[in-house]
1. Nearest-5 percent of antiparallel DSSP beta bridges in the chain?
2. I want to verify a result. In a Gaussian network model of the chain, Cα cutoff 10 Å, which of these has the top mean-square fluctuation: Pro255, Pro80, Pro168?
3. Are there trypsin sites (Lys or Arg not before Pro) in region 169-233 that DSSP marks as loop and that have at most 12 other Cβ atoms within 10 Å, and which are they?
4. Would you please give the residues with an amide H less than 5 Å from that of Glu46, counting only those at least 5 places away or on a separate chain, with H modeled from the backbone geometry?
5. Region 227-301: which chymotrypsin sites (Phe, Trp or Tyr not before Pro) are DSSP loop and have at most 12 other beta-carbon atoms within 10 angstrom?
6. Just to be sure I understand: with springs between alpha-carbon atoms less than 10 Å apart, which residue in Gly97, Gly38, Gly71 has the highest mean-square fluctuation in the Gaussian network model of the chain?
7. Taking the Cα centre of each part, how many Å lie between region 78-121 and region 190-249?
8. I need the shape label for the chain. Rule: rounded when a/c is under 1.5, else prolate if a/b > b/c, else oblate, with a, b, c from the alpha carbon gyration tensor.
Amino acid sequence: MSAPIGRDHGLDLLRQMVLIRRFEEKAAELYSVGKIRGFLHLYIGEEAVAVGAMQALTPEDNVVATYREHGQALARGIPPGAVMAEMYGKANGCSRGRGGSMHLFDIERRFHGGHAIVGGGLPVAVGLALADAMQSRAAVTACFFGDGAVAEGAFAESLNLAALWRLPVVFLCENNLYAMGTALARHQAQTDIVRKAEAAGVPGEAVDGMDVLAVEAAARQGAEAVRGGRGPRLLEARTYRFRAHSMYDPDLYRPRDEIERWKASDPVVRFSAALRAQGLLADADIAAMEASVAAEVDAAVAEAEAGPWEPVEDLLKDVCTPPVSR
Ligand SMILES: Cc1ncc(C[n+]2csc(CCOP(=O)(O)OP(=O)(O)O)c2C)c(N)n1
Ligand SMILES: [Mg+2]
């Protein structure tokens with residue numbers, strides 16, 4: 001793992017990854033007892049991507065994510081209680097209980113979803129960047145999407161327009177090798193995502209997505225280039241989800257030894273080891289961090305439990321549909 005790092009920054013990165021990990025382990029538990037319903041896609045194993053990439057952004061920048069977005073939401077600073085309450089479907093959730101796990105949203109933090117449609121966030125990101133360019137707002141839009149999205153027309157169209165109009169987007173592909181049960185090589189003739197981006201006129205780079213510092217460095221570089229007005233960039237973070245696609249997936253398509261191999265480079269374990277090796281982390285620090293994260297997750301659950309349901313009479317509020325005549 002890369003270069004020396006300041007202790008405070010190192011502990012902050014580690015804490016954020018641990019928070020995502022423990023938050024999601026709790027979410028899985030709550031799903032199995034029916035507290036959280038609908039779909040639930042866990043990010044466990046991929047934490048270094050969201051946490052590393054988010055370091056390159058300012059509060060003025062925009063974030064667009066997919067349905068596997070709890071990590072991005074927490075790393076962007078949406079309070080864990082608001083995320084948990086959203087997963088419960090409660091009115092104190094960050095999308096007022098209307099979105100659930102796949103549609104986290106927070107306009108204050110410029111977190112523009114949570115998109116359940118594969119590739120659906122890409123044109124939204126281009127639109128946000130176009131709006132910023134037209135209003136001379138100096139902001140970057142970070143757009144997270146999976147390897148599965150490169151098969152969508154929206155990928156080619158979005159990269160093309162962003163390149164053509166030199167829009168300030170950092171396209172962040174989280175390549176975890178699978179789109180549900182389909183491996184990248186089964187649906188793409190060209191599996192090199194950086195080459196695909198370059199073909200659309202977007203310079204790209206691949207990075208080890210299990211190394212939080214490497215992701216941070218690459219994202220900072222990418223965001224800096226984009227801020228400099230040189231048009232969009234793509235970052236392909238090579239990563240792996242340790243859990244199944246969603247809670248419904250029996251995960252029969254991935255070889256066990258492949259899963260074990262990737263687990264050996266667990267981003268949380270690897271980064272703790274790197275901090276220890278540099279003398280920046282002791283057993284007591286880990287214990288204290290785990291205790292404070294556990295308390296934060298417990299508080300998030302309590303907030304979700306205590307939250308109100310939306311009153312039935314409000315159900316048609318903000319719903320875009322013509323009035324029903326009786
Ligand atoms: C347009 C569209 N097609 C199909 C689906 C069904 N679907 C949901 S998730 C998914 C896999 C996407 O994989 P990837 O983009 O690699 O993201 P990951 O789940 O690996 O994070 C598919 C095909 C969908 N939601 N939207
Ligand atoms: Mg994938």
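Just so it is clear, none of the values below were taken in a lab; they were calculated from the coordinates. All values reported here derive from a predicted model rather than from experimental measurement. Methodologically, a virtual Cβ is constructed for each residue, glycine included, from the backbone with ideal geometry; neighbour enumeration extends over all protein chains shown.
1. Details: 3 of 24 bridges.
Given both bridge residues lie in the chain, the antiparallel proportion sits at roughly 10 percent.
2. Maximum among the listed residues: Pro255.
3. Details: sites: Arg186, Arg195, Lys196, Arg220, Arg227, Arg230, Arg233; in loops: Arg230.
Within region 169-233, the qualifying trypsin sites (Lys or Arg not before Pro) (loop, at most 12 other Cβ atoms within 10 Å) are Arg230.
4. Phe242
5. When the chymotrypsin sites (Phe, Trp or Tyr not before Pro) of region 227-301 are filtered for loop state and at most 12 Cβ neighbours within 10 Å, Tyr248 remain.
6. Answer for the Gaussian network model of the chain: Gly38.
7. Using only Cα atoms to place each centre, the spacing works out to 23 Å.
8. Working: a/c = 1.37, a/b = 1.03, b/c = 1.33.
Rounded is the answer for the chain, as its axis ratio a/c remains below 1.5.
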